[in-house]
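Report on one structure; see the data block that follows.
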Amino acid sequence: MGGIRAIIFDLDNTLWDVWPVIVRAEHAMHDFLARHYPRVTAQHDLRSMRDVRARMAIDHPAMRHDFTWLRLEAVYKRQLYDDVRPALAALAPDYRLFALSNGNADLSLCGIGQYFEMGLAAREAGMLKPDPRIYHLALQKLGVQ
């Protein structure tokens, strides 16, 4: 082997054809969104979702290398209503914000985790809203009455 100590391979489109995988993943993601977030797929087909991701890469050139970040930014953060971030930013300096949900949203992935002190999902609490016990548990976690 002489002086060769390492070999570096590119993966996508070198060791495998990546495009069929990407297309299948995009279809699977679109199907998931259609089932769980129909508001998103009512506004976006696969082409417009690609366009949003491409715009994200243009708007955030320092992140254009991070495809995971681009997808999360384009999908998760774009679901918020336009006034959510400004409202939370206005409330957060004066109030302790807590999230309570029957769902499983990740506030950090949604881009609003920095506004919340903590959150509680029904699966963690072992009960669904509007069961009063989940609200009591939330208050207990916050240490307030």
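The values are calculated or read from the model by the stated rules, or taken from the named source; none is laboratory data. Worth saying up front: this structure is predicted, and the values here are computed from it rather than measured. In this analysis, Cβ positions are derived from the backbone assuming ideal geometry, glycine residues included, and neighbour counts consider all displayed protein chains. With ligands, DNA and RNA removed, areas are computed over all heavy atoms of the protein, side chains included. Shrake-Rupley method; radii C 1.70, N 1.55, O 1.52, S 1.80 Å.
How would segment 14-55 be classified by its alpha-carbon gyration tensor: rounded, prolate or oblate, with rounded meaning a/c under 1.5 and the a/b versus b/c comparison settling the rest? Oblate shape, in that a/c is at least 1.5 and b/c is the bigger or equal ratio.
If the segment from Glu117 to Asp59 were pulled out straight at 0.36 nm per residue, it would be longer than the present Cα-Cα gap by 18.0 nm. Protein heavy-atom accessible surface, 1.4 Å probe, per residue over the chain: 74 Å². Here segment 1-71 is treated as an ellipsoid with the same Cα gyration tensor; its semi-axes, largest first and in whole Å, are 33, 16, 9. Label separation (Asp82 vs Asn102): 3.0 nm, computed from points 7 Å beyond Cα along the C-beta direction. Averaging Cα coordinates gives a centre for segment 109-142 and one for segment 56-88; these two points are 24 Å apart. Given R0 = 25 Å, the distance between the Cβ atoms of Ala92 and Gln145 translates into a calculated FRET efficiency of 0.70.
Considering only alpha-carbon pairs that sit under 8 angstrom and 6 or more positions apart, the relative contact order computed for the chain is 13 percent. With semi-axes defined as the square roots of five times the eigenvalues of the C-alpha gyration tensor, the equivalent ellipsoid of the chain measures 38, 20, 18 Å, largest first. Taking only protein heavy atoms and a 1.4 Å probe, the accessible area of the chain is 58% carbon and sulfur. Loop-resident GluC sites (Glu not before Pro) (DSSP state other than H, G, I, E or B) in segment 43-145 with no more than 16 further Cβ atoms inside 10 Å of their Cβ: Glu117.
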